[in-house]
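Here the structure is laid out as structure tokens; the discussion comes afterwards.
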Amino acid sequence: MILDGAVLVNMHKPTGCLTFNDYAENVFVPYWERTSGNINRVDVVWDVYIAHSLKESTRSTRGKGVRRRVLPDSRIPKKLGVFSQNIENKTELFEYLADKRTESSPERMQILSTKGQEIVSNQQYELINTLAPCSHEDADTRAILRVSDAASHGLRKVMIRTVDTDVVVLAVAFFHK
């Protein structure tokens, strides 16, 4: 299963959570455990924010937001929209959740998650260098790279959970390759 981490964060609000650790342990990680069932491998891809990129210039028109540190005991801001306008906030949140997910995962399941340009995993993955470093900024193309990697390791069924039509179009385009 391949998941877009930012989509999960947008879908699962931190209702009732006071800190980022509360959110990770009571909302984010439990969602994965409920949806992953008997799956052996879960790949999570996160957007990265590259300075001076075309996407960065588009994002700059949306505002800057207020910088807040993402630490386990940091309080979750009430205005998440303003929080997520700041690229450093989102980067830190995504990296925190990537680490948190790989730390607390069932032994039977392999978790591979992007963390910036690198990969973190709960288990040793001998071919991790085929996935990292990854210079793709968007989670969409990172997801397709994960499908390719899964297929090259003999997985015959790969599910991509997304709300993004771009990912569906890319998956259909690369299906027979």
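A few comments on the model shown:
- Among the residues of segment 3-41, those that are surrounded by fewer than 17 Cβ atoms within 10 Å (Cβ to Cβ) and assigned to a loop (DSSP other than H, G, I, E, B) comprise H12, K13, T15, G16, L18, G37, N38, I39, N40.
- Exactly one residue out of S53, S105, S60 is crowded, with 18+ Cβ neighbours inside 10 Å, of a type in the set (S, T, Y) and modelled with pLDDT under 85, and it is S105.
- Count of segment 84-104 residues, restricted to those that are over 20 Å from D138 (Cα atoms) and free of Cβ contacts under 8 Å to residues at least 60 places away in the same chain, is 2.
- Close pairs (6 angstrom Cβ cut-off, 6 or more residues apart or separate chains): closer than 21 Å to W32 by Cα in segment 108-128, of a type in the set (S, T, Y) and modelled with pLDDT of 80 or more anywhere: L112/S121; V120/S113
The values are calculated or read from the model by the stated rules, or taken from the named source; none is laboratory data. Everything numeric here is computed off the predicted structure, so don't read it as measured data. Don't worry about glycine lacking a Cβ; one is built from the backbone with ideal geometry, like all the others, and counts go over all protein chains shown.
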